[in-house]
Every structure is written in C-alpha cells, then in structure tokens.
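Asks: Handing you this structure, nothing more for now.
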Amino acid sequence: MSEPQLLLSGLGIAESVRWHDGRAWVANWGSGEVLAVGANGDRETVARLSTNPLPLSFDWLPDGRLLIVDGPQRQLVTQGLDGVGELYADLSSFGPAPFNELVVDAAGNAYVNGGPGLVVVVRPDGSVDQVADGLQFPNGMALLDGDRTLVVADSHAKQLVGFDVEPGGGLSGRRVWAAVEHAPDGICADADGAIWYASVPGQRCERVEAGGRVLDTVTLDRGCFACMLGGPDGRTLYIGAAEWLGMDVVMTQGPGASGGLYAAAGQPAAHAGRP
C-alpha cells in the first residue's frame, strides 16, 4: 500500500468521508459544508447548512437525495438534486444531546446515533424509533453482510459493537464485534469482511477482523476522524484528519484549519457494505 497523500487541506475537522459518483466526499466541520473532491484535489461545495453544526454527517437516500445530520438541532435534513433542502426528521424528542453519525440501508432506513448513547432508525414512511441504547459515545457506523449487520464504533468503550438488523429496521443480538486499542471514530468495511476504523487519539486508521486482530495500519501526524474505501478499484483509503484541539476549544473557538483529506492507495481489499 502507498503512503497517504494529501488531497485537500485547510479544512476544519474533516469528517464523514464517503465515496460517491466517482469522487470522495467529506463534511467540513467549521464551515457547515459538504464537499465533493476530485482525484486532483478540486473541490465542489455540494451542500451548506445555514448554521454551522458540529456534529455534521451525511449519506444518500435510495432516490438520490443527500441526507444530512444537523447534530445540534437534532434534525435530519435533505439536500435535493435541485439544491433545495427540507426537514426530513425531527429527533429532538430523544433528548437535548446532539446527534452524530448516519448510515442509510438499501431500503431507505436511516440509522442515526448520538444523543445519550442511542441509535434511532428513521424509516421511509416517516416513523422514528429508538433501536439501541447504552452506548458510551456512538460514532461511525457501517452496514455489512448485505445490510444484515450494523456495526457501531463506540469511541469511549474502544469497541466496535455489532447488531443484527431485523426486518423493518429494528436491531437485536448486540455483541462486541471487536475490541480495539484506540478509540474508534469513522469506520468502513471491505470485501474480506474486515473493518477499517479511524482513531483521533491513535492518529491512525487500523484494519481489523471480527474479534479485533489488527491486519493493517495507516498512520498520520494528526487525529484521524473518518475513513472510507473508494477510488476506481475501491482500494484507496480516504482519510479525514485534523489536529484535535479539545472539545472546549472546538466549541468556543472553532476547529481551526488543520483539517485535510488524505488518500492511501493499494489497500488489501476493496470497499464493501454501506456507506
């Protein structure tokens, strides 16, 4: 595998990295923007929220609409192909804490985590239900096994937590998919059944198998907030990274401008699952 190459610099905190329609996408905490980034580092601002939400995450609905988590407002909003956004779901009834990460399955069930250690599902019919609780600090999520397994990165527990996805979008069979050494943030899965997780304190991304054995590691000189396999062959690991200044500083003074999007080509297996 190659050393990580910097594609885009000058971001706040680069989060929720995705691969979609031939480009890497990233949420820029500090500007409230969702950016799409080409292979040569050219950037397009695809969506911008009127507020500057931290957290901010996104994924796509089956009909192509961009779905965005406005964490502090505890809302899901859509960004249509015409650029017009609207409220998709109000999650404020689940408490005052912000919501964080998002992943959408093939049926259009949107899983959102955060709040007081929760995962909720927003179904295409508009119904919203809590489907998991008791997580210490839920972060990145990935759907594996043809959307039959949901894995949640529980940062403070240093665990990847697995659930069985039931018909209708419910979750059951909670288990520790892997215990990891470094607090996990954003995650993605590959075709060999392994998971890559990004770690802020670990300043790295690690590829682990079920049970936690480390298979590969990519290191940076700053915190890694999110990772996603993509590129033409699905084997480039895109990494959102930034210097972590601490929550108090980030919330009062902003995240700074140390954030960047990196690319490390030649990974062992191609992307699989969602996002």
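Asks: With the requirement that a residue be over 17 Å from the mean Cα position of the chain (by Cα) and not in a strand (DSSP E or B), what does the stretch 264-275 give you? If you could, list the steps in order and put the result at the bottom.
Replies: Here is the first cut: in the stretch 264-275, the residues over 17 Å from the mean Cα position of the chain (by Cα) are 264-270.
Result: A265, G266, Q267, P268, A269, A270.
Asks: Return only the number of the condition from (1) touching a Phe, Trp or Tyr at 6+ places or on another chain (Cβ under 7 Å); (2) touching a residue at least 40 places away in the same chain (Cβ under 8 Å) that W196 does not satisfy.
Replies: (1)
Asks: Does the stretch 177-209 hold any residues that are assigned to a strand (DSSP E or B), within 16 Å of P138 (Cα to Cα), of a type in the set (A, V, I, L, M) and over 14 Å from the mean Cα position of the chain (by Cα), and which are they?
Replies: Those that are assigned to a strand (DSSP E or B), within 16 Å of P138 (Cα to Cα), of a type in the set (A, V, I, L, M) and over 14 Å from the mean Cα position of the chain (by Cα): A178, A179.
Yes/no matrix, rows are residues, columns are (1) surrounded by fewer than 22 Cβ atoms within 10 Å (Cβ to Cβ); (2) in contact (Cβ under 8 Å) with a residue 12 or more places away in the chain; (3) on the phi > 0 side of the Ramachandran plot; (4) in contact with a strand residue (DSSP E or B) (Cβ under 6 Å, 6 or more places away or on another chain):
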residue	(1), (2), (3), (4)
R148	yes, yes, no, yes
V165	no, yes, no, yes
A179	yes, yes, no, yes
P201	yes, yes, no, no
E206	no, yes, no, yes
G212	yes, yes, yes, yes
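Asks: Considering S92, S57, which residue is under 22 Å from V152 (Cβ atoms), among the hydroxyl-bearing types (S, T, Y), touching a strand residue (DSSP E or B) at 6+ places or on another chain (Cβ under 9 Å) and crowded, with 21+ Cβ neighbours inside 10 Å?
Replies: The conditions single out S57.
Conditions (1) at pLDDT below 95; (2) farther than 28 Å from D147 by Cβ; (3) in a loop (DSSP other than H, G, I, E, B); (4) of a type in the set (V, I, T), marked per residue:
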position: G211; (1), (2), (3), (4): no, no, yes, no
position: V249; (1), (2), (3), (4): yes, yes, no, yes
position: G256; (1), (2), (3), (4): yes, yes, yes, no
position: Y262; (1), (2), (3), (4): no, yes, no, no
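Asks: Let me ask another. Filter the stretch 1-34 down to the residues that are in a strand (DSSP E or B), free of Cβ contacts under 8 Å to residues at least 40 places away in the same chain and more than 12 Å from A226 (Cα to Cα) and list them by number.
Replies: Scanning the stretch 1-34 gives R23, E33.
Asks: Give the residues of the stretch 119-153 that are in a strand (DSSP E or B) and more than 16 Å from L102 (Cβ to Cβ), sorted by residue number.
Replies: Passing the criteria: L144, T149.
Asks: Can you tell me which residues in the stretch 99-118 are assigned to a loop (DSSP other than H, G, I, E, B) and at pLDDT 95 or above?
Replies: Within the stretch 99-118, D105, A106, A107, G108, N109, G117 meet the criteria.
Asks: Consider R43 carefully, then state whether it is touching a Phe, Trp or Tyr at 6+ places or on another chain (Cβ under 9 Å) and either farther than 22 Å from Y238 by Cβ or in contact (Cβ under 8 Å) with a residue 24 or more places away in the chain (or both).
Replies: Considered against the rule, which asks whether it is touching a Phe, Trp or Tyr at 6+ places or on another chain (Cβ under 9 Å) and either farther than 22 Å from Y238 by Cβ or in contact (Cβ under 8 Å) with a residue 24 or more places away in the chain (or both), R43 comes out as no.
Asks: Which count do you get for residues in the stretch 224-270 that are touching a strand residue (DSSP E or B) at 6+ places or on another chain (Cβ under 6 Å) and either surrounded by fewer than 20 Cβ atoms within 10 Å (Cβ to Cβ) or farther than 19 Å from L54 by Cβ (or both)? Before the answer, list the steps.
Replies: Start the filter on the stretch 224-270 by keeping residues that are touching a strand residue (DSSP E or B) at 6+ places or on another chain (Cβ under 6 Å), which leaves 224-230, 234, 236-242, 244, 255, 257-265, 267, 269.
Then keep just the ones that are either surrounded by fewer than 20 Cβ atoms within 10 Å (Cβ to Cβ) or farther than 19 Å from L54 by Cβ (or both); that gives 227-230, 234, 236-239, 244, 257-258, 262-265, 267, 269.
Total meeting the criteria: 18.
Asks: Just one of the numbered conditions (1) part of a loop (DSSP other than H, G, I, E, B); (2) under 15 Å from the mean Cα position of the chain (by Cα); (3) under 18 Å from V121 (Cβ atoms) is not true of P167; which one?
Replies: (2) is the only condition that P167 fails.
The values are calculated or read from the model by the stated rules, or taken from the named source; none is laboratory data. Quick caveat: nothing in here was measured; it's all calculated off a predicted structure. Note that we place each Cβ from the backbone using ideal geometry, even for glycine, and neighbour counts take in every protein chain shown.
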